[in-house]
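Scroll down for the structure; my scribbles are underneath it.
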Amino acid sequence: KLAEILRINRPALWPEAAALVSEIAGGNVRLALVLAPVVEQEPRSTAGRLITPNIIQTYVSEALPSGTDLKASYALALLTRIGVGGDAAVELRLLAEGMGFTEFEVRAAVVALNDLGLIGLKGRYRSVAPQPLAVYLAARGWEVYEEQIVTTLLPNLELNMVERLLQRAAEVGPIPAIVRAVEAVLGRDEVFGSLRILIDSGYSHALLQLAIVAPQRVSDRLSDILQNATDDELLSLTGSGRRDVVWTLERLAWHSDTFEASANALLRLATHETETYSNNATGAWRALFGAMLPSTAASPQVRIDYLTGASSSADLEVR
């Protein structure tokens, strides 16, 4: 067990610290032995403070393959998991084609990473592991292959693969390459041309991940889509598509910078309500104005000013 390995190699590491290191290392001995002395030097370490670029760089230089295997590893890390066996193997081919590799090269990288203990097994799927290393490699992948990802890979991926790519992008965070990619996706009229197009394309399932990466840009685009939607379109918005939109707007309304636009978008849905859940658009909008535990970081004064404006709206439903 990893805990036993740490006890033998780092006897000064107390049990709670060993548990933290084991969890972050995700079962990988090399990474655990790199992180252990860091914890010893700073007893109050948290996961966020442990996983620094320097620590990952040290680990990467010691553990990763080189050459084409390393470049293909960047591609593999772009998704939270990738199909490699049976019917799911089509995903590996799509990734290889989209990133300019042969299927053989990507499979060779899977083998190389597996030999180093850096691949997690999930049935027919594989994922680069542990997660902090995968995030590091994905960030390098975005920096090196940004144009390839946006112009070739993204347009040809199946939607469930797009969701996994965006989920990993959200884990990486809003680095310039990823933000530019989000802007490119939001600018595709065949996906974000209207509310109906958005729902029919299935991209509503990816809205939340997009919003995590670029909240202001997603807020602007989604607000425009809802503002331009007809009453019939809003009333026909039901099921998982509507849930995706409401959940995304809830997330966006938390931010002070996107509070007003997101509140207006929720209010537009609330005046065309089709759900009876307590967390429907109406419930999500009301929750923004709780006196004790509002679902937004916007200040009380900002929320009072917003309600003052809404109460004088020319629209009877809004009032």
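The values are calculated or read from the model by the stated rules, or taken from the named source; none is laboratory data. None of these values were measured; they are calculated from a predicted model. For neighbour counting, all protein chains shown are included, and Cβ atoms are generated from backbone atoms with ideal geometry for every residue, glycine included. Ligands, DNA and RNA are excluded from the accessible area calculation, which covers all protein heavy atoms including side chains. Shrake-Rupley method; radii C 1.70, N 1.55, O 1.52, S 1.80 Å.
The set of residues in region 136-149 being free of Cβ contacts under 8 Å to residues at least 40 places away in the same chain and within 15 Å of the chain's Cα centre (by Cα) consists of Ala139 alone. Hey, among the residues in region 32-74 that are polar (S, T, N, Q) and at pLDDT 75 or above, which one's surrounded by the most Cβ atoms within 10 Å (Cβ to Cβ)? Ranking the qualifying residues of region 32-74, first place goes to Ser73. Scanning region 242-265 for residues that are in contact with a helix residue (DSSP H, G or I) (Cβ under 7 Å, 6 or more places away or on another chain), open to solvent by 20 Å² or more (accessible area, probe 1.4 Å), of a type in the set (Phe, Trp, Tyr) and farther than 24 Å from Ile197 by Cβ yields a total of 0. Among the residues of region 198-209, those identified as in contact with a Ser or Thr (Cβ under 8 Å, 6 or more places away or on another chain) and either of a type in the set (A, V, I, L, M, F, W, C) or without any contact (Cβ under 8 Å) to a residue 24 or more places away in the chain (or both) are Leu198, Leu207, Leu208. Among the residues of region 105-158, those identified as more than 20 Å from Glu23 (Cα to Cα) and of a type in the set (S, T, N, Q) are Gln148, Thr151, Thr152, Asn156. Scanning region 78-92 for residues that are surrounded by 15 or more Cβ atoms within 10 Å (Cβ to Cβ) and under 17 Å from Asn156 (Cβ atoms) returns Leu78, Leu79, Ile82, Gly83, Ala88, Ala89, Glu91, Leu92.
Select, from Glu260, Glu273, the only residue that is in contact (Cβ under 8 Å) with a residue 12 or more places away in the chain and of a type outside the set (Val, Ile, Thr).
Just one listed residue meets the conditions, Glu260.
Annotation: of all residues in region 11-31 being open to solvent by 30 Å² or more (accessible area, probe 1.4 Å) and farther than 21 Å from Leu116 by Cβ, the one that is modelled with the highest pLDDT is Pro11.
None of Pro300, Pro294 is surrounded by 15 or more Cβ atoms within 10 Å (Cβ to Cβ), free of Cβ contacts under 8 Å to residues at least 40 places away in the same chain and more than 21 Å from Phe192 (Cα to Cα) except Pro294.
If the condition is being assigned to a helix (DSSP H, G or I) and open to solvent by 70 Å² or more (accessible area, probe 1.4 Å), then region 213-239 contributes Gln216, Arg217, Asp220, Asp224, Gln227, Asn228, Asp231, Asp232, Leu235.
I'm checking my understanding of the structure. Among residues of region 275-291 that are part of a loop (DSSP other than H, G, I, E, B) and open to solvent by less than 50 Å² (accessible area, probe 1.4 Å), which one is nearest to Asp232 (Cα to Cα)? Per the criteria, the residue is Glu275.
Looking at region 238-258, can you tell me whether even one residue there is out of contact with any His (no Cβ under 7 Å at 6 or more places or on another chain), farther than 24 Å from Ile212 by Cβ and at pLDDT below 95? Checking region 238-258: at least one residue is out of contact with any His (no Cβ under 7 Å at 6 or more places or on another chain), farther than 24 Å from Ile212 by Cβ and at pLDDT below 95. In region 97-152, of all residues being of a type outside the set (Val, Ile, Thr) and more than 30 Å from Ile24 (Cα to Cα), the one that is least open to solvent (accessible area, probe 1.4 Å) corresponds to Gly98. Tally up the residues in region 185-202 that are surrounded by fewer than 16 Cβ atoms within 10 Å (Cβ to Cβ) and among the small types (Gly, Ala, Ser), please. Adding up the residues that qualify gives 3. Every test in (1) open to solvent by 60 Å² or more (accessible area, probe 1.4 Å); (2) free of Cβ contacts under 8 Å to residues at least 24 places away in the same chain; (3) within 19 Å of the chain's Cα centre (by Cα); (4) within 30 Å of Ser240 (Cβ to Cβ) is passed by Pro174 save one, and that test is (2). Does Ser240 fit the bill of being among the polar types (S, T, N, Q), under 30 Å from Ala139 (Cβ atoms) and under 23 Å from the mean Cα position of the chain (by Cα)? Against the criterion (among the polar types (S, T, N, Q), under 30 Å from Ala139 (Cβ atoms) and under 23 Å from the mean Cα position of the chain (by Cα)), Ser240 does not qualify.
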